[in-house]
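S.K.: Just dropping this structure here.
The values are calculated or read from the model by the stated rules, or taken from the named source; none is laboratory data. These numbers were taken from a predicted model, which means no experiment stands behind them. In this analysis, Cβ positions are derived from the backbone assuming ideal geometry, glycine residues included, and neighbour counts consider all displayed protein chains. Keep in mind that these areas ignore ligands, DNA and RNA; they rest on the heavy atoms of the full protein, side chains included. Shrake-Rupley method; radii C 1.70, N 1.55, O 1.52, S 1.80 Å.
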Amino acid sequence: MAKTDLFQSPDYYQIDELLTDEHKLVRNSVREWVKREVSPIIEEYAQRAEFPKHLIKGLAEIGAFGPYIPQEYGGGGLDQISYGLIMQEIERGDSGIRSTASVQSSLVMYPIYTYGSDEQRKKYLPKLATGEWMGCFGLTEPNFGSNPGGMLTNIKDKGDHVVLNGSKMWISNAPFADIAVVWAKDEEGVIRGLIVERGMKGFSTPETHGKWSLRASATGELVFDNVKVPKENILPNVKGLKGPLGCLNSARYGIAWGAIGAAMDCYDTALRYSKERIQFGKPIGAFQLQQKKLAEMITEITKAQLLAWRLGVLKNENRATPQQISMAKRNNVNMALEITRDARQMLGGMGITGEYPIMRHMMNLESVITYEGTHDIHLLITGMDVTGLNAFGG
Ligand code: TGC
Ligand code: FAD
């Protein structure tokens, strides 16, 4: 049964006044698209554990693929706050759909734009912007997640091409991606980025099944068995772990905004329910314990909105540090997850059903708090920044 989306966005501190007309236009058009295209169908796709592939065209049309990539390469030419708002609105619909947009923009288009040759930019970026080609990003391996520098995937120089061997795990969009931006070590142990295309012999993308989280997002492995990759597919302008980590800065920034969307949806749902649900002769919103939950939710959402907005200003000025981005990703995702838990309780038994979006957001956020650097890894990044001491080990 198609669902009616009654979402009303909370803005307790008039943060809209900090946005330009362009920001609000972008935000509102994505919000309308999510109400029209995502909300009515997302629950059924999540229940079936299927990615709604038909949304790709619409995501491209609303500018969700490469919003901040220059227009000459097919991107939106927008600023970082617009990018954040797009991620916020899409994740208000579902974290899995936002994942698809994040990966395409920040983990595929960004590295090709930033580290690629002009030929690579011209060949790939316009088709990625329209969604004609979809991409994925292969960094994590079965034995190297938080510590990607240990990766075993490798390339060997064979003259005009390299031979790629190894495997990547937990890769969003892998099962349907046309290209993969893959990170692998060369014979000197230096990490390089390569564009691997579907159809290259020895390259396969088995799907990961059985997830209780991000069920409307397709996740898979990347398996490379003596894949011949032409040297022109190597990203020429970066070497070392800073290559993939640089992409993560952009994706983590988008997640810091995205998580606010999921939190706002749960808060809005719980607030409405609290006024309609009568127990002991009163709406449950009249009870102090329920008001405490709502008051804390709106406080945390407001703090997260301010953090994201300020980070966006710094990012627009190229002044945001990776450590500031870690703080916002960690804080905002954790904030959203805690709100889902309180909101779900406020709906009682109804909170566990697919009639409401809360449980789906909650399960999704268990992935979001793990990928792009776990909650604890981001804490250690902050800890190292303020003390100057490395607690990662090694
Ligand atoms: P470390 O020695 O600290 O650094 C190695 C080199 O990288 C530089 N660097 C960065 N550069 C840019 N941005 C950053 N955020 C950077 N962090 C570090 C650093 O300066 C150094 O450069 P150089 O020139 O000296 O070589 O590296 P480490 O091996 O000690 O690891 C540090 C650590 C743990 C913080 C890092 O590896 C980490 O962030 N781990 C978490 C892994 C992670 O986030 N994986 C994400 C996989 S992709 C994903 O999850 C996509 S989900 C997408 C979706 O569906 O939305
Ligand atoms: P581990 O690194 O094994 O960590 C296990 C636990 O140990 C965690 O709690 C961690 O915080 C803790 N830990 C690790 N090291 C330390 C330390 N030094 N000190 C204290 N605690 C520590 N990756 C990609 O490359 N591309 C993708 O598109 C992608 N999409 C994903 C989609 C989903 C749905 C999921 C779940 C993951 C995805 N990932 C992707 C992988 C994701 O980035 C990793 O899962 C994440 O980085 C953590 O790695 P791990 O799962 O191997 O956990």
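S.K.: Quick one: how many Å² of residue 266 are accessible to a 1.4 Å probe, rounded to 10?
M.R.: 0 Å²
S.K.: Let me ask something else about it. Which trypsin sites (Lys or Arg not before Pro) in segment 293-394 pass both tests, a DSSP loop state and at most 16 other beta-carbon atoms within 10 Å?
M.R.: Numbers: sites: 293, 303, 310, 315, 319, 329, 330, 341, 344, 360; in loops: 319.
Answer in residue order: 319.
S.K.: Using only the Cα atoms of segment 135-233, build the gyration tensor, take square roots of its eigenvalues as a ≥ b ≥ c, and label the shape rounded, prolate or oblate: rounded if a/c is under 1.5, else prolate if a/b is larger than b/c, else oblate. Please report the intermediate quantities before stating the final value.
M.R.: Values: a/c = 2.42, a/b = 1.51, b/c = 1.60.
It is oblate, given that a/c is not under 1.5 and a/b is not larger than b/c.
S.K.: What's the extension gain from residue 277 to residue 28 if we count 0.36 nm per residue and subtract their Cα-Cα distance?
M.R.: Numbers: separation 249, 0.36 × 249 = 89.64 nm, distance 2.98 nm.
Fully extending the segment from residue 277 to residue 28 adds 86.7 nm.
S.K.: A further question on this structure: Find, among the trypsin sites (Lys or Arg not before Pro) in segment 82-184, those assigned to loop by DSSP (not H, G, I, E, B) with at most 12 other beta-carbon atoms within 10 angstrom.
M.R.: Passing sites in segment 82-184 are 158.
S.K.: Next up: Using Cα atoms only, what is the angle between the long axis of helix 322-346 and the major principal axis of the chain, expressed in degrees (0 to 90) to the nearest 10?
M.R.: In the chain, helix 322-346 runs at an angle near 40 degrees to the longest axis.
S.K.: I'd like the FRET efficiency for residue 392 and residue 163, computed as 1/(1 + (r/R0)^6) with the beta carbon distance as r and R0 of 25 Å, rounded to 0.05.
M.R.: Working: r = 32 Å, r/R0 = 1.28.
It comes out at approximately 0.20.
S.K.: Filter the cross-link list 53/303; 168/211; 24/315; 57/122; 201/231; 3/53 down to pairs whose alpha-carbon distance in this structure exceeds 23 Å.
M.R.: Working: 53/303 34 Å; 168/211 17 Å; 24/315 18 Å; 57/122 20 Å; 201/231 16 Å; 3/53 19 Å.
Beyond 23 Å between Cα atoms: 53/303.
S.K.: With each run of n ≥ 4 DSSP H residues scored as -39500 (n - 2.57), what mean residue ellipticity at 222 nm is computed for the chain after dividing by its residue count and rounding to the nearest 500 deg cm²/dmol? Write out the running numbers ahead of the final one.
M.R.: Values: 12 runs with 181 residues, N = 394.
Here the helix-only value at 222 nm equals -15000 deg cm²/dmol.
S.K.: Pick out, in residue order, every one of the GluC sites (Glu not before Pro) in segment 156-223 that is DSSP loop and has at most 13 other C-beta atoms within 10 Å; say none if there are none. Intermediate results must be reported in sequence, preceding the final value.
M.R.: Values: sites: 187, 188, 197, 207, 221; in loops: 187, 188.
Listed in order of number, the matching sites are 187, 188.
S.K.: Once the Cα atoms of helix 242-276 and of the chain are each reduced to a long axis, what angle between those two axes, in degrees from 0 to 90 to the nearest 10, is obtained?
M.R.: 20 degrees
S.K.: Report the longest stretch of the chain that contains none of the chymotrypsin sites (Phe, Trp or Tyr not before Pro) sitting in a DSSP loop with at most 12 other Cβ atoms within 10 Å. Could the numbers behind the result be given before it?
M.R.: Numbers: sites that count: 12, 212, 280, 392.
Counting at most 12 other Cβ atoms within 10 Å as exposed, the longest clean stretch of the chain is 13-211.
S.K.: Sort segment 181-266 into rounded, prolate or oblate with this rule: let a ≥ b ≥ c be the square roots of the eigenvalues of the Cα gyration tensor; rounded if a/c is under 1.5, and if a/c is not under 1.5, prolate when a/b is larger than b/c, oblate otherwise.
M.R.: Numbers: a/c = 2.99, a/b = 1.47, b/c = 2.03.
Verdict is oblate for segment 181-266.
S.K.: Is the shape of segment 235-393 best called rounded, prolate or oblate, per the rule: a/c under 1.5 gives rounded, else a/b larger than b/c gives prolate, else oblate, with a ≥ b ≥ c the square roots of the Cα gyration tensor eigenvalues?
M.R.: Values: a/c = 2.60, a/b = 2.38, b/c = 1.09.
It is prolate, given that a/c is not under 1.5 and a/b is the larger ratio.
S.K.: Counting pairs of alpha carbon atoms under 8 Å apart in space and at least six apart in sequence, what relative contact order in percent does the chain give? Please list the in-between numbers first.
M.R.: Details: 734 pairs, mean separation 68.7, N = 394.
17 percent.
S.K.: Between segment 17-45 and segment 100-152, what is the C-alpha centre distance in whole Å?
M.R.: Computed from Cα coordinates, the inter-centre distance equals 25 Å.
S.K.: Using Cα positions and a limit of under 15 Å, work out the aspartates and glutamates in reach of residue 239, with same-chain residues fewer than 8 apart set aside.
M.R.: 186, 187, 188
S.K.: Where does helix 288-316 land angle-wise versus the long Cα axis of the chain, in degrees 0 to 90, nearest 10?
M.R.: The two axes meet at around 40 degrees.
S.K.: While we're here: Would you kindly give the portion of the calculated P(r) for segment 24-108 that falls above 22 Å, as a percent of all Cα pairs? Don't skip to the answer; put the middle values down first.
M.R.: Working: 691 of 3570 pairs.
Pairs farther apart than 22 Å: 19 percent.
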